[in-house]
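The values are calculated or read from the model by the stated rules, or taken from the named source; none is laboratory data. Computed from a predicted structure; not experimentally measured. Here the Cβ is made from the backbone with ideal geometry for all residues, glycine too, and neighbour counts use every protein chain on show. For accessibility, only protein heavy atoms count, side chains too; no ligands or nucleic acids. Shrake-Rupley method; radii C 1.70, N 1.55, O 1.52, S 1.80 Å.
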Amino acid sequence: MADITARAMVADDADRVLAIYQAGLDAGNASFETTAPNWAAFDGAKLPEHRFVAVDGDGTLLGWIAVSATSNRAVYAGVVEHSVYVDPAAQGRGVARLLLQTLIASTEAAGIWTIQSGVFPENTASLALHERAGFRVIGVRERVGRHHGRWRDVVLLERRSPAIT
């Protein structure tokens, strides 16, 4: 991981970010979505101050992480939902761990106390990554939606910041 760094996501990253997103969707265990949005939709849905990409020493974009607000109600201002995607060719190199660490530092600095996510139970690598990063399982939403013709469960995860009390 020494040759991999994280930096803020910029508009010039759009094509690569969306290609990695689509590769994750195509693998079948990332999301109920089946098609990555266009950049305008992606850009409009993600909080700009908490979007990061991981790049290697050559500047190749290997993965991304971003958050969305969970509610527009003031009481939930410190709660976000995140997504993290890694190019299949870069998996197993610590990219997602670096991105998650970067996101945690960014959100805590901004006063965000909870990061949450939903993960398919079959995505065991993502579940293990999140557990190592301090996320806990809140519960399982059983048969919450249909995906490629079959009902899917979703494991709800959250990380409460120990730094924000």
Find out how many positive minus negative residues lie around Ser161, taking Lys and Arg as positive, Asp and Glu as negative, among other residues whose Cβ is under 14 Å from that of Ser161.
+1
Using the Cα gyration tensor of the chain, the equivalent ellipsoid's semi-axes, largest first and to the nearest Å, work out to 22, 21, 16
A correct Kirkwood calculation over the Cα atoms of segment 22-65 returns a hydrodynamic radius in Å of 12.1 Å
5 Å is the cut-off here: which amide hydrogens, built 1.01 Å from N in the peptide plane, fall below it relative to Leu47, excluding neighbours closer than 5 in sequence?
Val67, Ser68, Ala69
Rounded FRET efficiency, nearest 0.05, which uses the C-beta distance separating Asn38 from Ala133 and R0 of 22 Å:
0.15
What's log10 of I(q)/I(0) for segment 109-165 at q = 0.27 Å⁻¹, Debye sum over Cα points only, no solvent?
-1.05
Can you pull the accessible area of Tyr21 for me, 1.4 Å probe, Å² to the nearest 10?
20 Å²
Modelled label reach - Ser161, point 7 Å along Cα→Cβ, segment 101-137 residues with backbone N closer than 12 Å
103-115
In square angstrom, rounded to the nearest 10, how much accessible surface does Arg143 have for a 1.4 Å probe?
140 Å²
Alpha carbon centroid spacing (whole Å) that separates segment 33-104 from segment 106-165
14 Å
Starting from the residue with the highest accessible area, list Phe120, Phe52 in decreasing order, probe 1.4 Å.
Phe52, Phe120
In nm, give the distance between the simple-model label positions of Asn72 and Ala11, each being 7 Å from the Cα along the Cα-to-Cβ direction.
2.4 nm
Would you rank Trp64, Trp39 by solvent-accessible area, highest first, keeping every protein chain in place and using a 1.4 Å probe?
Trp39, Trp64
